[in-house]
Every structure is written in C-alpha cells, then in structure tokens.
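Please read the structure below before turning to the comments.
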Amino acid sequence: EAAAVVEEMGTPQGIDECACRLATFEAVLGREEDSRRHARSALDSALQLGDTWNAAKARNALGLLALLTGDASSAAEQLAAGVGALEDGGVGNPNHFRAQPDLVEAYVRLGRTDDAEPVAAALERRAEATRIPWTVAAARRCRAVITENEDAAREAFEDALQLDDGTSAFERARTQLCFGEHLRRHGRRRDSRIHLGAALEVFEASGARPWAERARS
C-alpha cells in the first residue's frame, strides 16, 4: 500500500520525498532490500533534478540502513554527505532531518571520535538556539556517546532522558539503548538491563526488528 502511495504522489519531488520516508520506515522495520531500493531510486532521481533536500533525505535513509546492518563505514559516508549538504544549503533546524545522531554513532563505531566531535558540537549549538525538545535531548545523547569519562557520559545520558518530551517513545528507546550499552561496557550489567529492557519493549512493540535484536543481544 505504501508503494502505491509513492506512485500516486504526482510531482517527481513528491514521489522522491515519499520514497525517502518509506525507505526510512523500511530500514527501521528491517526490510533491508525494500529500503535500499526505495532510497537509491529517490537518490538517483533527486540528483538528476538537483533536489538537495530529497538527496539528503535519501542519503540519511541509506545511512540509517547501513548503521542498522553493521556497516558503519558506509553509514558514515552517506550520512556525512547528507548532513554536509544540509549545512551548505543553510538548513538550520536539525529536527527536519534528524541525521546528526546517526552520524555521530557511525563515527564512534569506527573509532573516529575526532570526526564525531564537530557534528555533536554543531547539534549542541542548534539545540541552544532552537530549544526544540528533540534537538536538545539528541544533543545530550550525542555528547554522552562521544564522552570517554564514564561519569560525564552517564550524566549526559540522564540529561537526555530527563529532557525528552515524551512525544516519541522510539527516540527515548534509542537513548536508553545507548545508555544501556554504555553501562554494560563499564561493568554495570544490572543497571544496564533496566535501560536495555525498556528499549527492547518499545522496539518490539513498534516492530523495529533490527533495534530489538541489538537491545536483546
């Protein structure tokens, strides 16, 4: 049904935007082949049209998919290109795309914290300027992910959860997943299970299989 909607959007830009959204949802649900097909189709079309907005959205979907399938290198490549295009285009509200946390996570997985730092810092500046709840909470999550000091990272994770406005259980679950992983790495397994279990419950309820598998493992 969603694919049929894509075909009925009318304008090429409308079709591409719908395909990008569909690709993102499919990535979250673990529908890898469908997600990649829709995202690549949208990216090819957007590049031909010179549509920077939808090209960035398509790259963000491809980056998320790569992150979920364990290909952090491809994730960083796609997400960096998408975020860079948005910055060059003067898009000042990260809430429209929400790609920066994925890019930070991809860089951290690759051990490229020096590359993750300016992305997190830019998101923090946007959070201070806009005070949008998602941006503020996501900025604190990013800071927690790249912070090496255990206590400082834990404080940033707790801030992110406290600042969460409750509008997206999925976003909160992502923070709890990262927090639980952090606690587990530092030997606090009992505390980690609280956050990992809460994240797993949300992911399973929403059908987000890749995220659920990560939390469960």
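Laboratory data are not the source of any read-out in this text; all were calculated from the coordinates shown. Treat the numbers as computed from the prediction; the structure is a model and nothing was measured. Glycine also receives a Cβ, built like all others from the backbone with ideal geometry; neighbour counts cover every protein chain displayed.
Sum -39500 (n - 2.57) across every DSSP H segment of at least 4 residues in the chain, then divide by the residue count to get the 222 nm mean residue ellipticity, nearest 500.
About -26000 deg cm²/dmol.
With unit charges on the beta carbons (Lys and Arg positive, Asp and Glu negative) and the dipole taken about the Cα centre of the chain, which residue among 122, 100, 173 sits farthest to the positive side?
Result: 173, furthest along the dipole toward the positive end.
R0 = 22 Å: FRET efficiency of residue 152 with residue 73, Cβ-based, nearest 0.05?
0.20
Please report, in cubic angstrom per residue, the volume enclosed by the convex hull of the alpha-carbon atoms of the chain.
So the per-residue Cα hull volume is 116 Å³.
Which whole DSSP H helices in the chain pass both tests: a Cα extent of 15 Å or more along the axis and a mean Kyte-Doolittle value no lower than -0.5?
What comes out of the filter, once short or polar helices are dropped, is 12-29, 52-68, 72-88, 133-146, 189-206.
Compare 118, 101, 133 in a GNM of the chain, Cα atoms joined below 10 Å, and give the one with the largest fluctuation.
Ranking 118, 101, 133 by mean-square fluctuation puts 118 first.
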